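Below: one structure in structure tokens.
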Amino acid sequence: MPGISLETTTERLTVYAARWLKEALRPGAYAVDATVGNGYDTLFLAHEVGPAGRVLGFDVQKVALTNATEMLRFAGLLNRVTLVLASHEDLRYYLPPGQPVAAGMFNLGYLPRGDRRITTRAESTLAALSALVPHLEPTGRVSLLSYRGHLGGEEEYQALRIALARDTTLGVTEVAGAAAPEEGPRLFLIRRG
């Protein structure tokens with residue numbers, strides 16, 4: 001598809017995304033975790049931005065934020081994070097005006113060990129990306145991991161892929177895992193074009 005380059009990796013896609021984002025993160029930076037889930041990405045971002053940095057995290061499920069809060073408290077990083085019980089499509093209401101963002105993470109699908117009927121949707125993710133991208137620093141980056149194996153997951157992936165390919169303001173790389181390149185999850189690495 002025009003506008004998207006394709007890569008394959010033997011590395012876990014979550015590890016690949018973190019390594020790629022780490023190049024944009026620094027102490028004092030501002031980052032967004034658009035889908036907190038159990039908090040692992042939030043923890044990674046909070047560690048990378050350091051004591052002077054901030055992380056803004058979203059999830060629609062209170063249990064996700066409770067789990068993430070406990071993990072962040074245990075790690076001593078909760079004071080760097082603001083967690084919001086809302087959809088990531090509401091990001092535009094919570095991101096401080098003019099706030100430059102070094103990195104954003106999206107881990108789509110459903111909450112592991114949670115209610116599989118509650119899933120992300122392409123429309124809400126695209127709204128969140130539209131709010132986030134204008135705030136990206138010149139070297140800012142966004143990772144978007146799309147799981148295709150759940151109900152609605154393939155449709156979500158296809159809609160996101162089409163929208164990202166059409167956006168000529170972005171540089172997008174799609175990364176497939178070598179183990180299941182055709183049906184497995186896909187990682188989109190997004191930066192300003």
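All of the numbers you see were taken from the coordinates with simple rules; none came from a lab. No experiment lies behind these values; they were computed from the predicted model shown. Cβ coordinates were reconstructed from backbone atoms using ideal geometry, including for glycine residues, and neighbour counts include every protein chain displayed.
Kindly provide the set of residues from segment 38-66 that are under 22 Å from Ala17 (Cα atoms) and in contact with a Lys or Arg (Cβ under 9 Å, 6 or more places away or on another chain), ordered by number.
Answer for segment 38-66, where residues must be under 22 Å from Ala17 (Cα atoms) and in contact with a Lys or Arg (Cβ under 9 Å, 6 or more places away or on another chain): Asn38, Phe44, Leu45, Ala46, His47, Glu48, Val49, Gly50, Gly53, Arg54, Val55.
Also, I was wondering about something else. For a quick check of your reading of the model, give me the residue pairs whose first member lies in segment 1-20 and is among the acidic types (Asp, Glu), whose second is outside any loop (DSSP other than H, G, I, E, B) and buried (at least 17 other Cβ atoms within 10 Å of the Cβ), with beta-carbon atoms closer than 7 Å and at least 6 apart or on different chains.
Listed by first residue and then by second, the contacts come to Glu7/Val175.
Another one. Looking at Leu126, Leu95, Leu77, Leu72, can you tell me which residue is in contact (Cβ under 8 Å) with a residue 40 or more places away in the chain and either closer than 27 Å to Thr139 by Cβ or buried (at least 21 other Cβ atoms within 10 Å of the Cβ) (or both)? Please lay out each step first, then the result.
Numbers: Leu126 fails: in contact (Cβ under 8 Å) with a residue 40 or more places away in the chain; Leu77 fails: in contact (Cβ under 8 Å) with a residue 40 or more places away in the chain; Leu72 fails: in contact (Cβ under 8 Å) with a residue 40 or more places away in the chain.
None of the others qualify; the one that does is Leu95.
Also, quick follow-up: Residue check, Glu154 against (1) of a type in the set (D, E, K, R); (2) out of contact with any Lys or Arg (no Cβ under 7 Å at 6 or more places or on another chain); (3) more than 23 Å from Ala18 (Cα to Cα), all met but one. Which one?
In the conditions (1) of a type in the set (D, E, K, R); (2) out of contact with any Lys or Arg (no Cβ under 7 Å at 6 or more places or on another chain); (3) more than 23 Å from Ala18 (Cα to Cα), Glu154 misses (2) alone.
Follow-up. Residues being assigned to a strand (DSSP E or B) and either in contact (Cβ under 8 Å) with a residue 40 or more places away in the chain or in contact with a Leu (Cβ under 8 Å, 6 or more places away or on another chain) (or both): count how many of those fall in segment 168-193.
Of segment 168-193, the ones assigned to a strand (DSSP E or B) are 170-177, 186-192.
Filter again for either in contact (Cβ under 8 Å) with a residue 40 or more places away in the chain or in contact with a Leu (Cβ under 8 Å, 6 or more places away or on another chain) (or both), leaving 170, 172-177, 186-192.
Qualifying residue count, segment 168-193: 14.
Sticking with this one: Condition first: part of a helix (DSSP H, G or I) and either surrounded by 15 or more Cβ atoms within 10 Å (Cβ to Cβ) or of a type in the set (Ser, Thr, Tyr) (or both). Now tell me which residues in segment 138-167 satisfy that. Outline the logic, then answer.
Taking segment 138-167 as the starting set, the residues that turn out to be part of a helix (DSSP H, G or I) are 153-166.
Within segment 138-167, Gly153, Glu156, Tyr157, Ala159, Leu160, Arg161, Ala163, Leu164, Ala165 meet the criteria.
Which of the residues belonging to segment 51-64 are in contact (Cβ under 8 Å) with a residue 24 or more places away in the chain, more than 14 Å from Leu108 (Cα to Cα) and surrounded by fewer than 22 Cβ atoms within 10 Å (Cβ to Cβ)?
Pro51, Ala52, Gly53, Arg54, Val63 - these are the residues of segment 51-64 that are in contact (Cβ under 8 Å) with a residue 24 or more places away in the chain, more than 14 Å from Leu108 (Cα to Cα) and surrounded by fewer than 22 Cβ atoms within 10 Å (Cβ to Cβ).
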